[in-house]
Amino acid sequence: MSKPDFNMAAVILSGGQGSRMGGQDKGLILIDGRPMVMRALELAARFTRAFVISCNRNQSTYSQFKCKLIADQLSDFQGPLAGIHSALSHFEQNFSHLLVLPCDTPWLNETLLAELVAAAKNNPSSICYLATKDRPQFLHAVIPAALTSSLNVWLESGERAVYKWYRQHPVVEVKVADSSESLRNINTQSDVK
């Protein structure tokens, strides 16, 4: 039995070192009284029932969110592609696509994600990602599960750059109206304040 043409799972990326946050785990930082990862989980749940949190530490804390947790298959915090690879490997047998959401954009909204998912459904062989007029948002993306082996080869070669890997495949940049606030990410303590 073959998979449907479009059957999407999701990963919330929360596996970084938080080096610009003094080593804090960004997904667990409170914004408006809630851990940032909660907003991403709520958004993911509006588009799929199958989602995981990619985290490499604080698993006991993340387990309170009643969501499956996965860790990078590569050691030493190898970057977001390592988390994406673990999620693709986890889901590739049962899902055709992976929605990627970083944990650190707490004002992301459902409308922008709906635009991204619609583009992915219309371009099922392409990597689709959001872009504002100022810059691409490579980690707000939908990636075909068929690219899992390509990503594995990329990472095994020592490469870590997200867009350099994207460029090897068909890509669709989903331009959104000026949504700088919706896509603003939290990188430093001053951002939290």
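The values are calculated or read from the model by the stated rules, or taken from the named source; none is laboratory data. The structure presented is a predicted model; accordingly, all values stated were derived computationally and were not measured. A quick note on method: Cβ atoms are made from the backbone with ideal geometry, for glycine too, and the neighbour counts reach across all protein chains shown.
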Filter pass, Asp191 being modelled with pLDDT of 90 or more, closer than 18 Å to Val37 by Cα and of a type in the set (Asp, Glu): no
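The rows are residues; the columns are (1) of a type outside the set (Lys, Arg); (2) in contact (Cβ under 8 Å) with a residue 60 or more places away in the chain; (3) surrounded by 15 or more Cβ atoms within 10 Å (Cβ to Cβ); (4) on the phi < 0 side of the Ramachandran plot.
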{"site": "Leu112", "(1), (2), (3), (4)": "yes, yes, yes, yes"}
{"site": "Ala141", "(1), (2), (3), (4)": "yes, no, yes, yes"}
{"site": "Ser149", "(1), (2), (3), (4)": "yes, no, no, yes"}
{"site": "Asn152", "(1), (2), (3), (4)": "yes, yes, no, yes"}
{"site": "Gly158", "(1), (2), (3), (4)": "yes, no, no, no"}
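Return the only residue of Leu69, Leu74 being of a type in the set (A, V, I, L, M), assigned to a loop (DSSP other than H, G, I, E, B), over 12 Å from the mean Cα position of the chain (by Cα) and surrounded by fewer than 22 Cβ atoms within 10 Å (Cβ to Cβ). Lay out the reasoning, then the answer.
Working: Leu69 fails: assigned to a loop (DSSP other than H, G, I, E, B).
Among Leu69, Leu74, only Leu74 is of a type in the set (A, V, I, L, M), assigned to a loop (DSSP other than H, G, I, E, B), over 12 Å from the mean Cα position of the chain (by Cα) and surrounded by fewer than 22 Cβ atoms within 10 Å (Cβ to Cβ).
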Any chance Ala120 is touching an Asp or Glu at 6+ places or on another chain (Cβ under 6 Å), in contact (Cβ under 8 Å) with a residue 40 or more places away in the chain and either of a type outside the set (Phe, Trp, Tyr) or closer than 25 Å to Asp5 by Cα (or both): no
Residues of region 122-136 that turn out to be surrounded by 14 or more Cβ atoms within 10 Å (Cβ to Cβ) and either part of a helix (DSSP H, G or I) or out of contact with any Pro (no Cβ under 9 Å at 6 or more places or on another chain) (or both), as a count: 4
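Inside region 25-38, can you point out the residues that are buried (at least 21 other Cβ atoms within 10 Å of the Cβ), of a type outside the set (Gly, Ala, Ser) and either under 15 Å from the mean Cα position of the chain (by Cα) or within 13 Å of Val100 (Cβ to Cβ) (or both)? Step through it out loud before you land on a result.
Filtering region 25-38 down to residues buried (at least 21 other Cβ atoms within 10 Å of the Cβ) leaves 25-27, 35-37.
With of a type outside the set (Gly, Ala, Ser) added as a condition, the list becomes 25-26, 35-37.
Within region 25-38, Lys26, Met36, Val37 meet the criteria.
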Residue match in region 165-188 (condition: farther than 18 Å from Arg46 by Cβ, at pLDDT below 95 and surrounded by 20 or more Cβ atoms within 10 Å (Cβ to Cβ)): yes
Single match in Ser86, Ser96, Ser63 (criterion: under 15 Å from Ile12 (Cβ atoms), of a type in the set (Gly, Ala, Ser) and more than 14 Å from the chain's Cα centre (by Cα)): Ser63
